[in-house]
Amino acid sequence: MDILYRIYSAGSCLSGTLKGKNFLIRTHNIKPFAKIFVIYILIAVVPTLIISGILTELQMKKYENEYKNKAQRNANLHATNIENFIGETVGRLEMLATLIKVQHSSLIDIEEIFKETQEKDKRFSGFYWANSEGDLLISSNSLNSPVNVGDRPYFQQALKSGKTSFSEAHIGRVTGRYIMTIAVPVTENEQIKGVLLASLRLDELENTIKMLLKDEMIVVTDQSGRTVIETSSLTSTENLVDYRVDLKHPSWIITAKLSPENKHLYRHTFSYYLVAVFIIMNVLLLLIYNLRLKFKVKKEKEQNEYQKLELLGNLAASTAHEIRNPLTGINGLIKLLSEEYLDKKAQYYFEVIQKEIIRINAIVSELLVLGKPTAYTLNTYNTIDILREIEPILQSEANYMNVQLSISYSTDDVPISCVQDHIKQVILNLSKNALHAMPDGGKLTISIERDTDFCFITIEDTGVGIPKDRLDQVFNPFFSMKKHGSGLGLTICKRIIDTYQGDISIQSTLNKGTFVKIRIPLSK
């Protein structure tokens, strides 16, 4: 949305200035507009087109496989029907051949059987009995003149092989129909007495296939590629998906062809994916932009905090010493006045002034830590030794606040490179905050541990805790939840730990306590 808004704003700015005097000033927006437009094309439009194309190709292959499977089922169905019919016809002829062997002296009954069979099934063009020379002796159709089929290749093949043979599609000499003939030789004592012929009407066979059609096209061809039967129920013959099945008897090829239901399937599929991917890409762009915006805000916030600390440091460095000098003079004069005016009321006022001077001096001392970095000499110290040195102070403060103190030390040395007083100050500041969070008593736990690369210092209390909405502000300068706190203690702690390339984190739950964890790299 931001990109579109910026594009719209750039366009509006340009069109608005055409009417005024600032046209030359505003036209510099054309370059940012072009840059944004090119970036948007590269990261949104181009990937959308590529991804849509890939998804469309995958989907089209899926569609093609579905149509291929459907074409296969249809081709197998029609091939099975044709094979069953041919097989049934061959079975009938073989039965008739057996009957002719038995009744070879009287073929009148055979002729009647021929006629009855033809009348029952329109797919038969005729049944014939031919002698070994090819002369038709018996026919289910009327023979107006003698007919000889001895020159037919299928007839000669049946005589030579002694087995059933199948003709190619041809025009019958008796009926003039487009037929295919099945020839079954009749043998007796290994001698061929004649050949039993059955002619199948290919037009009726085509009608039978059409009755089973759904949305496919069936093409029957012979081995030479010549079309025997062709049915068409397709409105379009473009982009057809086909599947072939080979028949053994007869030697036909059954091909089922299917046309996609939607002529513009590729276009519609591509359009669908184009819209879907375009929406997804723009949503992703918005999410990425939102993440970048959050990251930018976070970085700006960190920079602001850093600048605030720098400003505070510069201010502290330039004014802290100047403030201390008059404070020292004021403190001395107050002591002299307190010795001169001994009445109770004046002494009370002098005591309050001295307390406030001490408080101001403490704040100035803390400000000095926030000043510009000072060239310290770093030495390697055992963190355990640093904590043991201040343990009596911590124990004294804990006893005064009626808090149980528990300190756990690592069994191994924990060496870090630091200024010893800095680490003491950090532990004392955090422990002091923990004790103040337990005005009615509680437990303060301090531990030191180590792993391969880091020293870990943890300080845990069972105090009042910190609200979640304020937890991310605890390191901000001058933020304090204590009535008379300066708000610089945690800021100083973080500044010191950051100086040693470490980090400090705080977890807290209201009315349960606070857990502070410090991580400092071990000295190499």
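The values are calculated or read from the model by the stated rules, or taken from the named source; none is laboratory data. Just so it is clear, the structure is predicted and the values come from calculations on it, not from any experiment. All Cβ positions, even for glycine, are placed from backbone atoms using ideal geometry, and neighbour counts span all protein chains on display. In case anyone asks, the SASA skips ligands and DNA or RNA and just uses the protein heavy atoms, side chains included. Shrake-Rupley method; radii C 1.70, N 1.55, O 1.52, S 1.80 Å.
By DSSP, the beta bridges lying fully in the chain are antiparallel in about 90 percent of cases.
Relative contact order for the range 135-192: 28 percent, from Cα pairs under 8 Å spaced at least 6 residues apart, divided by residue count. The Cα trace of the chain gives Rg and Dmax of 52.1, 167 Å, the first to one decimal, the second as a whole number. A Förster distance of 35 Å, applied to the separation of the beta-carbon atoms of Lys210 and His264, puts the FRET efficiency at 0.80. Solvent exposure of the chain amounts to 60 Å² per residue of accessible area, where only protein heavy atoms count and the probe is 1.4 Å.
List the equivalent ellipsoid semi-axes of the range 384-440 in whole Å, largest first, each obtained as the square root of 5λ for an eigenvalue λ of the Cα gyration tensor.
With the √(5λ) rule applied to the range 384-440, the semi-axes are 22, 13, 9 Å.
Centre-to-centre separation between the Cα atoms of the range 56-94 and those of the range 498-524: 75 Å.
If the Kirkwood radius is taken over C-alpha pairs of the range 418-503, then at 20 °C and 1.002 mPa s the Stokes-Einstein diffusion coefficient equals 153 µm²/s. Measuring between their Cα centroids, the range 258-288 and the range 133-156 lie 66 Å from each other. The local environment of Phe155, defined by Cβ-Cβ distances under 12 Å, has a net charge of 0 under the rule Lys, Arg +1 and Asp, Glu -1. To the nearest 10, the accessible area of Phe270 is 50 Å² with a 1.4 Å probe.
For the chain, what is the charge dipole size about the Cα centre, in debye to the nearest 20, if Lys and Arg each add +1 at the Cβ and Asp and Glu each add -1 at the Cβ? Could you put the intermediate results ahead of the total?
Values: 61 positive and 58 negative charges, 458 e Å.
That gives a dipole near 2200 debye.
Simple rule: put +1 on each Lys or Arg Cβ and -1 on each Asp or Glu Cβ in the chain, find the dipole, and look at Ile50, Asn144, Thr231; the Cα lying farthest toward the positive end is Ile50.
Determine how many Å³ per residue the convex hull of the Cα atoms of the range 176-236 encloses.
Here the figure is 131 Å³ per residue.
Taking all pairs of distinct Cα atoms, average 1/r, flip it, and tell me the Kirkwood hydrodynamic radius of the range 31-75 in Å to one decimal place. Result for the range 31-75 stands at 13.0 Å.
Taking the three principal axes of the alpha carbon atoms in the range 153-312, the coordinate ranges are 126, 34, 22 Å, sorted in descending order. At Asn379 and Leu336, where each label point lies 7 Å from the Cα along Cα→Cβ, what is the point-to-point distance in nanometres? That separation, rounded to one decimal, is 4.1 nm.
Quick one: compute a quarter of the convex hull surface over the Cα atoms of the range 61-194 and quote it in nm².
Details: hull surface 40.9 nm².
Dividing the Cα hull surface by four gives the mean projection, 10.2 nm².
Normalising by the residue count of the range 392-459, find the relative contact order in percent from Cα pairs under 8 Å and 6+ residues apart. Dividing the mean separation by the residue count of the range 392-459 yields 43 percent. Electrostatic tally near Gln395: other residues with Cβ closer than 13 Å to its Cβ, Lys and Arg +1, Asp and Glu -1, net -2. In straight-distance terms, cross-link reach from Lys62 covers every one of the lysines whose alpha-carbon lies under 16 Å from its own, apart from those fewer than eight places away in the same chain; here that gives Lys70. Taking all Cα pairs closer than 8 Å and separated by 6 or more residues, the relative contact order of the chain comes to 9 percent. The label point for Leu428 and the one for Gln473, both projected 7 Å from the Cα toward the Cβ, are 2.9 nm apart. Over the range 202-294, the hull volume per residue, using the convex hull of the C-alpha atoms, is 137 Å³. Per atom type, the chain shows carbon and sulfur on 55% of its accessible surface, probed at 1.4 Å. On the principal axes of its alpha carbon atoms, the range 129-232 extends 52, 31, 21 Å, with the longest extent given first. Note on Tyr400 and Leu284: with the Förster distance fixed at 56 Å, the Cβ-Cβ geometry gives a FRET efficiency of about 0.40.
All Cα-Cα separations within the range 51-117 were binned at 5 Å from zero, giving a P(r) of 3, 14, 12, 12, 8, 8, 7, 6, 6, 6, 5, 5, 4, 3, 2, 1, 0, each value a whole percent of the pairs. Each residue, Tyr409 and Lys308, gets one label point 7 Å from its Cα in the Cβ direction; the gap between the two is 4.0 nm.
Multiplying the residue separation of Arg388 and Gln507 by 0.36 nm and subtracting their alpha-carbon distance yields 40.3 nm.
Helices in the chain, meaning DSSP H runs of at least 4 residues, each add -39500 (n - 2.57). Divided by all residues, the mean residue ellipticity at 222 nm is -18000 deg cm²/dmol. Under 5 Å from the amide H of Lys443 lie the amide H atoms of Gln404, Thr462, each residue being 5 or more positions distant or on a separate chain, with H modelled from the backbone and absent for Pro and chain starts. With one equal scatterer per alpha carbon and no solvent term, the Debye-computed log10 I(q)/I(0) for the range 260-310 at 0.22 1/Å reads -0.80.
Annotation for the range 186-279: GluC sites (Glu not before Pro) lying in DSSP loop with at most 15 further Cβ atoms inside 10 Å of their Cβ are Glu190, Glu238, Glu261.
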